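Following: one structure in structure tokens, then a few remarks.
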Amino acid sequence: INGPIWALIAFDSGNYPIPEGGDVTREALFQVILDAQLPDGGWALTGEVSDPDMTGMALQALATYYTGNELVKASVDKALITLSQMQEEDGSFASIDGPSSESIAQVIVALTALEIDPDQDARFMKNGNSVWDALLSYYIPGGGFRHIPEGELDGMSTEQGYYAMTAYY
């Protein structure tokens with residue numbers, strides 16, 4: 001599912017035209033994404049249980065179509081409920097290997113793409129902790145992010161942490 005998700009994100013990142021003559025269209029890509037939505041409301045790379053990373057990525061791809069397509073809107077609204085239910089009490093999100101800054105980052109980018117404030121929206125506050133608070137708990141003074149709560153500086157975590165911050169700002 002991540003292929004169609006990232007293809008749609010790439011095409012929409014600069015409103016690039018899709019080459020003619022093939023069977024790939026924006027509508028076909030978002031329909032593949034919609035068709036892959038799991039019964040519990042989100043998306044997963046494998047299996048039948050939603051994962052916050054893939055759900056966040058799917059929402060990023062669908063955000064452009066949220067206000068103009070009723071099927072997309074219904075799918076996104078269901079996924080937002082699922083994401084809220086997946087959120088941990090400290091505001092974080094856990095994927096296959098447990099809580100990680102990358103899972104949090106993908107959710108922040110998804111929420112901001114949908115114009116939802118990840119630091120203020122009540123659906124994404126748990127025990128007084130927002131998604132934004134959770135991301136910042138992974139920050140390492142001096143510049144960067146760790147992958148797991150007690151981890152060391154990590155390149156991918158830093159990249160995703162900074163682009164989540166950029167999306168938020």
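The values are calculated or read from the model by the stated rules, or taken from the named source; none is laboratory data. Everything numeric in this text was worked out from a predicted model, so none of it was measured. No Cβ is skipped: glycine too gets one built from the backbone with ideal geometry, and neighbour counts run over all protein chains shown.
When segment 23-56 is limited to residues that are outside any helix (DSSP H, G or I), of a type in the set (A, V, I, L, M, F, W, C) and farther than 15 Å from S75 by Cα, the one that is farthest from the chain's Cα centre (by Cα) turns out to be V24. The single condition among (1) over 30 Å from G128 (Cβ atoms); (2) of a type in the set (V, I, T); (3) under 16 Å from the mean Cα position of the chain (by Cα); (4) at pLDDT below 95 that I1 does not meet is (4). Answer yes or no: is there a residue in segment 75-94 that is over 13 Å from the mean Cα position of the chain (by Cα), modelled with pLDDT under 95 and either β-branched (V, I, T) or under 21 Å from N2 (Cα atoms) (or both). There is no residue in segment 75-94 that is over 13 Å from the mean Cα position of the chain (by Cα), modelled with pLDDT under 95 and either β-branched (V, I, T) or under 21 Å from N2 (Cα atoms) (or both). For segment 142-169, filtering for residues that are loosely packed, with under 13 Cβ neighbours inside 10 Å, assigned to a loop (DSSP other than H, G, I, E, B) and more than 18 Å from the chain's Cα centre (by Cα) leaves 4. Is there a residue in segment 77-87 that is more than 23 Å from T158 (Cα to Cα) and in a loop (DSSP other than H, G, I, E, B)? No: segment 77-87 contains no residue that is more than 23 Å from T158 (Cα to Cα) and in a loop (DSSP other than H, G, I, E, B). Between A28, A79, A10, A63, the distinction of being surrounded by fewer than 17 Cβ atoms within 10 Å (Cβ to Cβ), under 26 Å from S95 (Cα atoms) and hydrophobic (A, V, I, L, M, F, W, C) belongs to A10 only.
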